[in-house]
Amino acid sequence: MKIAFVGKGGSGKTTLSSLFVRHLAASGAPVVAVDADINQHLGPALGLEETEAAALPAMGERLPLIKDYLRGSNARITSAETMIKTTPPGQGSRLLRIDETNPVYEACARPVELDGGTVRLMVTGPFTEADLGVACYHSKTGAVELCLNHLVDGPGEYVVVDMTAGSDSFASGLFTRFDITFLVAEPTRKGVSVYRQYKEYAQDFGVTLKVVGNKVQGQDDIDFLRAEVGDDLLVTVGHSDWVRAMEKGRPPRFELLEEVNRQSLSRLKTAADATYELRDWDRYTRQMVHFHLKNAASWGNTRTGEDLTEQVDAAFVLGESPLATA
């Protein structure tokens, strides 16, 4: 299952995504955790020291390797240099699977030991001084989108992505790459403003969106969120001594997380698992192609000097039993 955590800056999306990753790992499920926010905080939230987190290999810096591997023998893609973030797979492309060993994971993923299990952690990489004035941070997250376009996952397998703050993922087709999106919102007007943007932008793309109310202090906060987001409100989370200890760098064993918060995480997993039956690989592939054609016309063709619409393999449908794979 592909799961995104989004929300405005400071909403607690990274904290909640890290708790969810821990919850999945404790269940023994295979998990790939991805920090797609250029403000790289997921590693420390999963218990890494700042120096360890800073040393994680950046996906953006290994983009040529990622492209070369995913391209495989796909004759429609003339070179790795002509692949852009939206390039879809086709006959001959290599696909990624969650519980496997491949050159992309070897180059970009690092194991993180958590209570009860190990997860793979991948990071886009921070925005560096060399990027200032010459690059857009979407060039960093492009590696994530490309990998998700080539990912085949099944039930009981999880990719959890801590997304960029706000509604910035709508600058590409990245927001359509998930089975479910958890929007973390505080019980304030600013807290629900991102929800309204997401709901509006995503309504035409079949995005499954659920709200996680965070920093909730009482029934009045719950009533406020319910009035603002309606049935999209899935769970609420309040104060946690466990989280406070984690933020100080001294997390207790995960089994000591407050029972009410453990129940909330279980509800998130149940909601994510339920979306498996809603999967529509045809639509998923069509949306991939839709955004590729838009990017090709707006900048990709000019940037690469080629007609990137020819990369589309109309006979190919991504899925657990794809019509064409390497």
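Odds and ends about this structure:
- Cα pair distances in the stretch 9-87, grouped into 5 Å bins until the bin that holds the longest one, percent each: 3, 12, 19, 16, 15, 14, 12, 7, 2
- Accessible area of the chain belonging to carbon and sulfur atoms, whole % at 1.4 Å probe: 48 percent
- Cα long-axis angle, helix 281-295 against the chain (0 to 90 degrees, to the nearest 10): 70 degrees
- Dipole of the chain, positive end: most advanced residue of VAL123, LEU174, SER193 [Cβ charges, Cα centre]: SER193
- Its residue count N fixes a reference of 2.2 N^0.38 Å for the stretch 174-214, and the Cα radius of gyration divided by that reference is 1.13.
- Distance between the stretch 249-314 and the stretch 209-228 - C-alpha centres, whole angstrom: 25 Å
- In summary, the convex hull built on the alpha carbon positions of the stretch 183-301 has an orientation-averaged projected area of 10.5 nm².
- Computed [θ] at 222 nm, deg cm²/dmol, the chain (DSSP H ≥ 4; -39,500 (n - 2.57); rounded to nearest 500): -10500 deg cm²/dmol
- Calculated on alpha-carbon atoms, Rg and Dmax of the chain in Å: 19.3, 59
- Under the convention that each Lys and Arg Cβ holds +1 and each Asp and Glu Cβ holds -1, the size of the dipole of the chain around its Cα centre is about 240 debye.
- Net dipole in debye of the stretch 206-280 [+1 Lys, Arg Cβ; -1 Asp, Glu Cβ; about Cα centre; nearest 20]: 420 debye
The values are calculated or read from the model by the stated rules, or taken from the named source; none is laboratory data. All of these numbers come straight from a predicted model, not from anything done at the bench. Every residue, glycine as well, gets a Cβ built from its backbone with ideal geometry; the counts of neighbours run over all protein chains shown. Side chains are part of the model used for accessible areas, which takes the heavy atoms of the whole protein and leaves out ligands, DNA and RNA. Shrake-Rupley method; radii C 1.70, N 1.55, O 1.52, S 1.80 Å.
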